[in-house]
Amino acid sequence: MLSEEEKAFVKYWEENRDKEKKTFRQLLIGLPLGLVFGLPILLNFMSGWYKRAAMIRNSSFNPLVLIIAIIIISCFFAIFNKKHKWEMREQRYRELKLKEESE
């Protein structure tokens, strides 16, 4: 027998699973976390504590390359994180459905 929390999850997931599977939605929802992951790279580079990075920054460095790299890293992390969460919820949903059917 499923608990109330499990029944609520099954109902919620049946209604929202297709909506949460869309990659664009995963990107929009996960992007703030991705930026939290990518911005320390920029801050670390701009702080100047690593002398070799400071030398490269002062010579022939294009900051657009760094910004594009951070955007790519942030988007990848955002989509990967949300897809992983979707897979975990889908697995839990399937396990609960099997448990419900076996009873």
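Each value in this text was obtained by applying a stated rule to the coordinates, not by laboratory testing. Keep in mind that what you see is a predicted model, and the values were worked out from it rather than measured. No Cβ is skipped: glycine too gets one built from the backbone with ideal geometry, and neighbour counts run over all protein chains shown.
In contact with a helix residue (DSSP H, G or I) (Cβ under 6 Å, 6 or more places away or on another chain), among the aromatic types (Phe, Trp, Tyr) and in a helix (DSSP H, G or I) - does that describe any residue in the range 34-41?
yes
Select from the range 1-29 the residues that are exposed (fewer than 14 other Cβ atoms within 10 Å of the Cβ) and in a loop (DSSP other than H, G, I, E, B) and write down the one among them that is nearest to the chain's Cα centre (by Cα).
Looking at residues that are exposed (fewer than 14 other Cβ atoms within 10 Å of the Cβ) and in a loop (DSSP other than H, G, I, E, B), I get Lys22.
What are the pairs with Cβ atoms under 8 angstrom where one residue, in the range 1-22, is under 13 Å from Arg94 (Cα atoms) and free of Cβ contacts under 8 Å to residues at least 40 places away in the same chain and the other, located anywhere, is of a type in the set (A, V, I, L, M) and assigned to a helix (DSSP H, G or I)? Sequence gap at least six, or different chains.
none
Filter the range 85-103 for residues that are out of contact with any Leu (no Cβ under 9 Å at 6 or more places or on another chain) and surrounded by 11 or more Cβ atoms within 10 Å (Cβ to Cβ) and give the result.
Once the filter is applied, which keeps residues that are out of contact with any Leu (no Cβ under 9 Å at 6 or more places or on another chain) and surrounded by 11 or more Cβ atoms within 10 Å (Cβ to Cβ), the range 85-103 yields Lys85, Trp86, Glu87, Arg89, Glu90, Arg92, Tyr93, Arg94, Glu95, Lys97.
Mind checking which residues of the range 76-103 are part of a helix (DSSP H, G or I), more than 18 Å from Ile29 (Cβ to Cβ) and touching a residue at least 24 places away in the same chain (Cβ under 8 Å)?
Selection gives Arg92, Tyr93, Leu96, Lys97, Lys99, Glu100.
Testing Ile73 on (1) surrounded by 15 or more Cβ atoms within 10 Å (Cβ to Cβ); (2) not basic (Lys, Arg); (3) not in a helix (DSSP H, G or I), one condition comes back false. Which one is that?
(3)
Whether any residue in the range 51-60 is in a helix (DSSP H, G or I), of a type in the set (Val, Ile, Thr) and surrounded by 13 or more Cβ atoms within 10 Å (Cβ to Cβ) is what I want to check.
No, the range 51-60 contains no residue that is in a helix (DSSP H, G or I), of a type in the set (Val, Ile, Thr) and surrounded by 13 or more Cβ atoms within 10 Å (Cβ to Cβ).
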